[in-house]
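Engineer: Handing you this structure, nothing more for now.
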Amino acid sequence: MRFATLAVHAGQSPDHATGAVMPPIYQTATYVQPPEGETTAYEYGRAANPTRTVLENNLAGLEGASHGIAFASGMSATDAILRALRPGDHIIASEDMYGGNYRYLKLVLAPMGVRVTFTDLTRVEVLAQAVTSQTKVIWVESPTNPLIQIVDLSAVCACAQLVGAAVVVDNTFASPYLQQPLSFGADMVLHSTTKYLGGHSDIVGGFVCTNDEKWADHLRFQVKCVGAIPGPMDCFLALRGTKTLHIRMERHCTNAQKIATYLDRHPKVMQVNYPGLESHPGHALAKSQMNGFGGMLSMTLKTSSSSEARRVLQSLSVFAFAESLGGVESLAGHPATMSHGALSSEERARLGVTDNLVRLSVGIEDLEDLLEDLEQALSQI
Ligand SMILES: *Cc1c(COP(=O)(O)O)cnc(C)c1O
């Protein structure tokens with residue numbers, strides 16, 4: 001089956017008990033034990049729930065994976081994967097990455113004795129120098145956050161194979177509609193379902209999928225032992241979101257492309273980071289490994305002042321000045337004071353997260369309204 005059909009149908013069949021077309025919300029903590037000698041997939045709600053199973057099979061279908069495991073949040077999904085690491089192990093991650101993952105690696109994983117290296121994954125020759133026989137995981141985001149760079153997934157996977165490291169791709173920014181990392185050789189794909197998969201900014205959730213039996217066992221064991229599970233209602237809402245993923249992503253992409261083109265010519269804008277622009281260094285690569293350029297872009301404004309950048313953001317009225325991304329509504333953020341606020345100004349400068357950097361999650365509203373909103377806000381500087 002092709003993507004749009006999978007989005008609507010993967011993992012779902014009418015409810016056995018009632019014929020309900022939509023998966024019921026199984027709001028239960030426990031299940032009656034079957035008679036002696038029979039087995040059931042469901043014994044207790046931490047280990048498994050039928051609404052969660054439907055979501056897991058649906059999302060695994062969209063990523064072309066044989067195993068899918070849902071979590072309470074993107075961060076708990078990250079945590080579940082990385083609990084496989086032991087003191088002395090080494091992980092390499094992109095230096096341009098989601099702030100929460102950066103914080104997790106620096107403040108949770110590194111203090112447990114795991115060696116963490118941040119590097120520029122857009123340059124595979126730099127990665128090749130960073131890998132060692134201790135490297136167990138290479139953590140990739142593409143497009144990256146907040147600079148929207150493109151990483152060559154096949155090249156990273158080939159490099160990882162040389163030392164037997166597992167490649168995890170956080171595919172939150174692209175969504176499986178635009179990019180399917182397992183097909184490039186990734187071992188695991190992670191999502192914050194809070195973003196494009198849920199798509200309506202009304203849940204927090206996470207997901208990991210893999211074709212590797214050992215990693216799937218590890219993840220299910222974490223679910224059972226640690227229990228960072230999404231509730232059945234949230235699973236239902238995530239499923240409602242994925243049914244329209246392909247339609248929403250098309251609109252996110254066309255709106256973002258036109259907004260990027262408009263901003264690229266705007267006199268108050270210094271630089272626009274969007275892979276759909278031919279001037280973007282990752283344009284050709286994005287064209288070859290993605291089915292579209294996505295709804296995320298960032299730009300630097302012609303001001304060096306953090307407060308002026310925030311003033312532009314506060315003047316927006318269709319775009320909401322808020323954290324997060326991937327919902328039907330447009331959001332605008334200021335990485336230096338929001339997602340990367342915990343970093344020192346030296347660290348931010350080194351990473352390119354400057355005070356004049358603004359990030360947009362372009363929604364599916366009318367394009368003209370979004371352009372007019374940006375025009376009046378940019379006139380503030
Ligand atoms: C939001 C996000 C996460 C974390 O997910 P939560 O659901 O907020 O815990 C991880 N990676 C990326 C790229 C994200 O955007």
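Engineer: Less than 19 Å apart at the alpha-carbon level, and either on another chain or at least 8 residues along: which lysines does that give for Lys136?
Structural biologist: In chain and number order, the partners are Lys106, Lys214.
Engineer: Would you please put 64-71, 153-160, 363-370 in order of how densely packed they are, using the mean number of other Cβ atoms within 10 angstrom per residue and starting with the highest?
Structural biologist: Peptide ranking by packing, descending: 64-71, 153-160, 363-370.
Engineer: Tally Lys and Arg at +1 and Asp and Glu at -1 over the other residues with C-beta under 12 Å from the C-beta of Pro267: what net charge comes out?
Structural biologist: +1
Engineer: Moving to a separate point now. Between Pro34, Pro50, Pro23, which gets the highest mean-square fluctuation from a Gaussian network model of the chain, Cα cutoff 10 Å?
Structural biologist: Of the options given, Pro34 has the highest mean-square fluctuation.
Engineer: Excluding same-chain residues fewer than 8 positions from Lys195, which lysines have a Cα within less than 21 Å of its Cα?
Structural biologist: Lys243
Engineer: Taking every DSSP beta bridge with both residues inside the chain, roughly what % is antiparallel (nearest 5)?
Structural biologist: Of all bridge pairs located within the chain, approximately 55 percent are antiparallel.
Engineer: Right, something else. Scan the chain and report its longest stretch carrying no trypsin sites (Lys or Arg not before Pro) that are both in a DSSP loop and have at most 12 other Cβ atoms within 10 Å.
Structural biologist: The longest uninterrupted stretch comes out as 3-264.
Engineer: So which residue, out of Ser133, Ser315, Ser306, gets the largest mean-square fluctuation from a GNM of the chain using Cα contacts under 10 Å as springs?
Structural biologist: Ser133
Engineer: Right, here's the next one. On full extension of the chain, what length is gained from Ser154 through Ala20, given 0.36 nm per residue of separation minus the C-alpha to C-alpha distance?
Structural biologist: Separation in residues times 0.36 nm, less the Cα-Cα distance, equals 44.0 nm.
Engineer: How far apart, in nanometres, would the label points at His283 and Lys258 be if each is projected 7 angstrom from Cα along the Cα-to-Cβ direction?
Structural biologist: A separation of 2.0 nm, rounded to one decimal place.
Engineer: Is the shape of the stretch 127-240 rounded, prolate or oblate, going by the alpha carbon gyration tensor and its root eigenvalues a ≥ b ≥ c, with a/c under 1.5 for rounded and a/b larger than b/c for prolate?
Structural biologist: Oblate, since a/c reaches 1.5 and b/c is not below a/b.
Engineer: Something else about it: If a/c stays under 1.5 just call it rounded; otherwise compare a/b with b/c (prolate if a/b is bigger, oblate if not). Do that for the stretch 69-150, with a ≥ b ≥ c from the square roots of the Cα gyration tensor eigenvalues.
Structural biologist: In terms of gyration-tensor shape, oblate.
Engineer: Hey, how many Å between the Cα centroid of the stretch 259-334 and the Cα centroid of the stretch 68-144?
Structural biologist: 26
Engineer: Enter the angle in degrees (range 0 to 90, nearest 10) between the Cα long axis of helix 306-315 and the first principal axis of the Cα atoms of the chain, meaning the one along which they spread out most.
Structural biologist: That works out to roughly 70 degrees.
Engineer: Helix 245-264 sits at what angle to the longest principal axis of the chain, using alpha carbons and giving 0 to 90 degrees rounded to 10?
Structural biologist: Taking the Cα atoms of the chain, the angle to 245-264 is about 10 degrees.
Engineer: Based on the Cβ-Cβ distance from Gln314 to Thr132, what FRET efficiency comes out when R0 is 41 Å, to the nearest 0.05?
Structural biologist: With a Förster radius of 41 Å, E is 0.35.
Engineer: Further question on the same structure: Given the DSSP H assignment, sum -39500 (n - 2.57) over each helix run of at least 4 residues in the chain and divide by its residue total; what's the result at 222 nm in deg cm²/dmol, nearest 500?
Structural biologist: -10500 deg cm²/dmol
Engineer: Out of Val131, Val108, Val151, any idea which swings most in a Gaussian network model of the chain, alpha carbons joined below 10 Å?
Structural biologist: Judging by the Gaussian network model, the answer is Val108.
Engineer: Next question, about the same structure. In terms of Cα to Cα distance under 21 Å, which lysines are near enough to Lys258, apart from those fewer than 8 places away along the same chain?
Structural biologist: Partners within reach: Lys268, Lys287, Lys302.
Engineer: Can you give the extra length, in nm with one decimal, that the chain gains between Glu375 and Thr28 once fully stretched, where that is 0.36 nm per residue apart less the Cα-Cα distance?
Structural biologist: Between Glu375 and Thr28, full extension yields an extra 119.9 nm.
Engineer: Can you say what percent of the DSSP beta bridges in the stretch 162-238, counting only those with both residues inside, are antiparallel? Round to 5.
Structural biologist: Of those bridges, close to 60 percent are antiparallel.
Engineer: I'd like the orientation of helix 232-242 relative to the chain: the angle between its Cα long axis and the longest Cα principal axis, in ° from 0 to 90, rounded to 10.
Structural biologist: 50
Engineer: Describe numerically, in nm with one decimal, the distance between label points set 7 Å from Cα along Cα→Cβ at Met112 and at Val226.
Structural biologist: Going by the 7 Å Cα→Cβ label model, 0.6 nm.
Since every read-out is calculated from the coordinates, none of them should be taken as a lab result. A quick note: this is a predicted structure, and the numbers were derived from the prediction, not measured. We place every Cβ from the backbone using ideal geometry, glycine too, and count neighbours over all the protein chains shown.
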